[in-house]
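Asks: I'd like to ask some things about the structure below.
The values are calculated or read from the model by the stated rules, or taken from the named source; none is laboratory data. Quick caveat, the model's predicted, so the values are computed rather than measured. With ideal geometry, Cβ positions are generated from the backbone for all residues, glycine too; neighbour counts draw on all protein chains shown.
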Amino acid sequence: MSFIIFDKNIEYPSNEYYFSPSEKYPEYNFGHISKNPNNIYGAVRKCLINSGLDNEKFGTSNWNPLGSIIPQGSNVFVLCNFVYHRKNTESEEDFFAKCTHGSVIRVIIDYLSIAVGEKGSVSFGNSPLQSCDWDKILQDTGANKIIEFYSKYGSKSSKVISVDLRLFKTIRDNLGRILSINDEKENGLNINIDLGKVSLLEELYNDNKKPEFRVSDYNSQDIMECHDIGKHIYMLNKKILESNVIVSIPKLKTHEKVGITCGLKGCVGAITYKKCLVHHRFGSLKTGGDEYLENFFLLKWFSRFHDYVNKKRIGLFENILHICDRIFWKFSRIIGFNVFGSWYGNDSAWRMTLDIARILKYATISGELKNEPQRKHILITDGIIAGEGNGPLSPKSVKSGIINFCDDIVVGDYVNSLIMGFNPNKIKMIKEAFRIDKYNLTESLPEDITVKVNDELIPLNKLNSHLKLKFIPPKGWKNHIEL
């Protein structure tokens, strides 16, 4: 079941007062209260109230709404959406259309701290793009204020830390030149997990041609080392595998390669080395790829050039190539080409996404896959400001006023797609998530899903008309996924 708070008047608060609540709730055990209104804290709290969790103790200092889901002593990792720091030309609203706001993270961490108790731990973070400035994105989202708050007002046992899950980072300038590379593969945090024949990518192999997998901005030879017949290796950070509960706080936004990016696509944020990811297959549908529909010469040439550039590292000539590559990419978008698998015919990215979601549920800290789930995974979607259009990197902001809480990320994404005005059965990532047998992601069926909006039961087929939200899909998905 999904529990939704819907109020377009809700606004993110200033980080001046650490995103603390503006009133003293009975269960709130910190001495700090915000002097300015904080509607976000109250909205997330109301969402938990409407779920009925720990209803008997509500209104007392012992209310622990997440306690029935998260046992005391748990190690919790909060997986946010910190895709990229704010650009100089980007408005604050458009930035928060793509990145989780610190005020939402703060209130959830407060209730997680109650649930895990003194012997548990709470960390937050993810793996943004390789050239993202981690310190800057903490500042831009206000997440640095959460760390500061818990350092100042939390007990020694309630320390909260942020974790950059990347082990491969670069510094680029605005022209696209690579200035430096930081590769931390020897620090012992990288865990290779091979899904082998149970990977959903295995279905793409046949006797005629081996798929040419690609991931944008990475050497194509590296990704082929991770994927072959019977071998599908994903590289995860040990820090997230040390948790026994994952709480995803994604944005409600569109995605050019898989339709939407919420709980399921957010699982990619657990990857340390993105060279293991599969974004698309090189070429057109007619040539065995899924990068674009028609085998147009210019598109094929551009893809080959992109491959060539990504085999280069640092140097004057190499950086000239990187600048040209960036110019070609921007030009292709201006004239309307869907490059790098940015369309509804992409049959690769959703498979990679669901592979990682299964790993997060079933993998041990050593990388071994068990038949029984190793950790819980719940979803709280930040859709106060959401993103439409060409997400995940350049969405346009939508003031949707949505908070969506669900203890099943597949169900949560099904509901999220309906909220946005999209048909979840036209989004393979969601549709296929219900159909997986080995290492399944959900026990639910779409027809069994129920939804509460502001504590009112709403029929699933009436949800979008009730909310009256209509998101613009990515360019390559228009006239395909709309309800």
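Asks: Mind checking whether some residue in the range 184-191 is over 19 Å from Leu79 (Cα atoms), in contact with a Ser or Thr (Cβ under 8 Å, 6 or more places away or on another chain) and of a type in the set (D, E, K, R)? Full working, then the answer.
Replies: Within the range 184-191, the first condition is being over 19 Å from Leu79 (Cα atoms), and the residues that meet it are 184-188.
When the remaining residues are screened for being in contact with a Ser or Thr (Cβ under 8 Å, 6 or more places away or on another chain), the result is none.
No, because not a single residue in the range 184-191 is over 19 Å from Leu79 (Cα atoms), in contact with a Ser or Thr (Cβ under 8 Å, 6 or more places away or on another chain) and of a type in the set (D, E, K, R).
Asks: Can you confirm whether Gly476 is at pLDDT below 95 and either in contact with a Ser or Thr (Cβ under 7 Å, 6 or more places away or on another chain) or part of a loop (DSSP other than H, G, I, E, B) (or both)? Working first, answer last.
Replies: Numbers: at pLDDT below 95: yes; either in contact with a Ser or Thr (Cβ under 7 Å, 6 or more places away or on another chain) or part of a loop (DSSP other than H, G, I, E, B) (or both): yes.
Yes.
Asks: Do we find that Tyr28 is surrounded by 16 or more Cβ atoms within 10 Å (Cβ to Cβ), in a loop (DSSP other than H, G, I, E, B) and of a type outside the set (Val, Ile, Thr) in this structure? First the steps, then the outcome.
Replies: On the way: surrounded by 16 or more Cβ atoms within 10 Å (Cβ to Cβ): yes; in a loop (DSSP other than H, G, I, E, B): yes; of a type outside the set (Val, Ile, Thr): yes.
Yes: the conditions hold for Tyr28.
Asks: Here is a list: Ser2, Ser14, Ser68, Ser20. Which entry is within 22 Å of the chain's Cα centre (by Cα) and of a type in the set (Gly, Ala, Ser)?
Replies: Numbers: Ser14 fails: within 22 Å of the chain's Cα centre (by Cα); Ser68 fails: within 22 Å of the chain's Cα centre (by Cα); Ser20 fails: within 22 Å of the chain's Cα centre (by Cα).
Of the residues listed, the single one that is within 22 Å of the chain's Cα centre (by Cα) and of a type in the set (Gly, Ala, Ser) is Ser2.
Asks: Shifting gears a bit: Please determine whether any residue of the range 324-333 is within 30 Å of Leu467 (Cα to Cα) and in a helix (DSSP H, G or I).
Replies: Keep residues of the range 324-333 that are within 30 Å of Leu467 (Cα to Cα), which gives none.
No, the range 324-333 has no match at all.
Asks: With Glu372, Glu318 as the choices, which residue is more than 27 Å from His85 (Cβ to Cβ) and not in a strand (DSSP E or B)? Give the derivation first.
Replies: On the way: Glu318 fails: more than 27 Å from His85 (Cβ to Cβ).
Sole residue among the options that is more than 27 Å from His85 (Cβ to Cβ) and not in a strand (DSSP E or B): Glu372.
Asks: Among the residues of the range 138-159, is any of a type in the set (S, T, N, Q), out of contact with any helix residue (DSSP H, G or I) (no Cβ under 7 Å at 6 or more places or on another chain), within 21 Å of Ile191 (Cα to Cα) and modelled with pLDDT of 95 or more? Steps first, answer last, please.
Replies: Initially, the range 138-159 is screened for residues of a type in the set (S, T, N, Q), giving 139, 141, 144, 151, 155, 157-158.
Narrowing further to those that are out of contact with any helix residue (DSSP H, G or I) (no Cβ under 7 Å at 6 or more places or on another chain): 139, 151, 155, 157.
Okay, now just the ones that are also within 21 Å of Ile191 (Cα to Cα), so none.
The answer is no, given that none of the residues of the range 138-159 is of a type in the set (S, T, N, Q), out of contact with any helix residue (DSSP H, G or I) (no Cβ under 7 Å at 6 or more places or on another chain), within 21 Å of Ile191 (Cα to Cα) and modelled with pLDDT of 95 or more.
Asks: Do you know which residues across the range 376-404 are in contact with a Ser or Thr (Cβ under 6 Å, 6 or more places away or on another chain) and aliphatic (A, V, I, L, M)?
Replies: Scanning the range 376-404 gives Leu379, Ile385, Ala386.
Asks: In this structure, does Ile378 turn out to be surrounded by fewer than 24 Cβ atoms within 10 Å (Cβ to Cβ), in contact with a helix residue (DSSP H, G or I) (Cβ under 8 Å, 6 or more places away or on another chain) and more than 27 Å from Tyr84 (Cβ to Cβ)? Please lay out each step first, then the result.
Replies: Working: surrounded by fewer than 24 Cβ atoms within 10 Å (Cβ to Cβ): yes; in contact with a helix residue (DSSP H, G or I) (Cβ under 8 Å, 6 or more places away or on another chain): yes; more than 27 Å from Tyr84 (Cβ to Cβ): no.
Considered against the rule, which asks whether it is surrounded by fewer than 24 Cβ atoms within 10 Å (Cβ to Cβ), in contact with a helix residue (DSSP H, G or I) (Cβ under 8 Å, 6 or more places away or on another chain) and more than 27 Å from Tyr84 (Cβ to Cβ), Ile378 comes out as no.
Asks: Just checking: which of the helices (runs of 4 or more DSSP H) contained wholly in the range 85-163 hold 2 or more residues that are more than 16 Å from the chain's Cα centre (by Cα) and of a type in the set (S, T, N, Q)? Steps first, please.
Replies: Working: elements: 92-95, 102-116, 134-141, 143-153.
Result: 102-116, 143-153.
Asks: While we're looking at this one, here's another question. Looking only at residues that are in contact with a Ser or Thr (Cβ under 6 Å, 6 or more places away or on another chain) and crowded, with 22+ Cβ neighbours inside 10 Å in the range 334-360, which one is modelled with the highest pLDDT? Walk me through it before giving the result.
Replies: Going residue by residue through the range 334-360, those that are in contact with a Ser or Thr (Cβ under 6 Å, 6 or more places away or on another chain) are 339-340, 355.
Now drop any that are not crowded, with 22+ Cβ neighbours inside 10 Å, which leaves 340, 355.
Numbers: Phe340: 85, Asp355: 98.
The residue in question is Asp355.
Asks: Turning to a different aspect of this structure: Search the range 298-327 for residues that are within 23 Å of Ser284 (Cβ to Cβ) and in contact (Cβ under 8 Å) with a residue 24 or more places away in the chain and pair each with any residue that is among the acidic types (Asp, Glu) and outside any helix (DSSP H, G or I) when their beta-carbon atoms are under 7 Å apart and the residues are at least 6 apart or on different chains.
Replies: Hits for this filter: Ser303/Glu291; Asn310/Asp217.
Asks: Only residues in the range 5-19 that are of a type in the set (Lys, Arg) count as the first member; pair them with residues that are part of a strand (DSSP E or B), Cβ under 8 angstrom, at least 6 apart or cross-chain, and list the lot.
Replies: Pairs that qualify, where the first residue is of a type in the set (Lys, Arg) and the partner is part of a strand (DSSP E or B), are Lys8/Lys399; Lys8/Ser400; Lys8/Gly401.
Asks: Follow-up. Is there a residue in the range 38-59 that is part of a loop (DSSP other than H, G, I, E, B), more than 29 Å from the chain's Cα centre (by Cα) and at pLDDT 95 or above?
Replies: Taking the range 38-59 and keeping what is part of a loop (DSSP other than H, G, I, E, B), we get 38, 51-54, 58-59.
The next check asks that each one be more than 29 Å from the chain's Cα centre (by Cα); those that pass are 58-59.
Imposing the further condition that a residue be at pLDDT 95 or above reduces the set to 58-59.
Yes, because at least one residue in the range 38-59 is part of a loop (DSSP other than H, G, I, E, B), more than 29 Å from the chain's Cα centre (by Cα) and at pLDDT 95 or above.
Asks: Could you list all residues from the range 412-441 that are crowded, with 19+ Cβ neighbours inside 10 Å, assigned to a loop (DSSP other than H, G, I, E, B) and either free of Cβ contacts under 8 Å to residues at least 40 places away in the same chain or not aliphatic (A, V, I, L, M) (or both)?
Replies: Gly421, Tyr439
Asks: Which of the residues belonging to the range 35-44 are surrounded by fewer than 18 Cβ atoms within 10 Å (Cβ to Cβ) and touching a helix residue (DSSP H, G or I) at 6+ places or on another chain (Cβ under 8 Å)?
Replies: Passing the criteria: Lys35, Asn36.
Asks: Right, Asn192: among the polar types (S, T, N, Q), at pLDDT 95 or above and surrounded by fewer than 24 Cβ atoms within 10 Å (Cβ to Cβ) or not? Explain how you work it out, then say what you get.
Replies: Numbers: among the polar types (S, T, N, Q): yes; at pLDDT 95 or above: yes; surrounded by fewer than 24 Cβ atoms within 10 Å (Cβ to Cβ): yes.
Considered against the rule, which asks whether it is among the polar types (S, T, N, Q), at pLDDT 95 or above and surrounded by fewer than 24 Cβ atoms within 10 Å (Cβ to Cβ), Asn192 comes out as yes.
Asks: Among the listed residues Ile178, Ile147, Ile161, Ile137, identify the single one that is farther than 19 Å from Asn81 by Cβ and of a type in the set (A, V, I, L, M, F, W, C). Can you show your working first?
Replies: Values: Ile147 fails: farther than 19 Å from Asn81 by Cβ; Ile161 fails: farther than 19 Å from Asn81 by Cβ; Ile137 fails: farther than 19 Å from Asn81 by Cβ.
After ruling out the rest, the residue left standing is Ile178.
Asks: If you don't mind, there's one more thing I want to ask. Is it true that some residue in the range 123-136 is among the acidic types (Asp, Glu), modelled with pLDDT of 95 or more and either crowded, with 20+ Cβ neighbours inside 10 Å or touching a Cys at 6+ places or on another chain (Cβ under 6 Å) (or both)?
Replies: No.
Asks: Go over the candidates Ile70, Ile49 one by one and state the one that is aliphatic (A, V, I, L, M) and more than 18 Å from Val116 (Cα to Cα).
Replies: On the way: Ile70 fails: more than 18 Å from Val116 (Cα to Cα).
Among Ile70, Ile49, only Ile49 is aliphatic (A, V, I, L, M) and more than 18 Å from Val116 (Cα to Cα).
Asks: Looking at the range 195-207, can you tell me whether even one residue there is within 22 Å of Lys98 (Cβ to Cβ), part of a loop (DSSP other than H, G, I, E, B) and out of contact with any strand residue (DSSP E or B) (no Cβ under 8 Å at 6 or more places or on another chain)? It would help to see each step written out before you state the result.
Replies: Taking the range 195-207 as the starting set, the residues that turn out to be within 22 Å of Lys98 (Cβ to Cβ) are none.
Within the range 195-207 (the criterion being within 22 Å of Lys98 (Cβ to Cβ), part of a loop (DSSP other than H, G, I, E, B) and out of contact with any strand residue (DSSP E or B) (no Cβ under 8 Å at 6 or more places or on another chain)), the answer is no, since none of the residues qualifies.
Asks: Out of all the residues in the range 453-470, is one or more under 22 Å from the mean Cα position of the chain (by Cα) and of a type outside the set (Val, Ile, Thr)? Spell out how you get there, then give the answer.
Replies: The initial filter retains those residues of the range 453-470 that are under 22 Å from the mean Cα position of the chain (by Cα), namely 469-470.
This time we only want the ones that are of a type outside the set (Val, Ile, Thr), so: 469-470.
Scanning the range 453-470 turns up at least one residue that is under 22 Å from the mean Cα position of the chain (by Cα) and of a type outside the set (Val, Ile, Thr).
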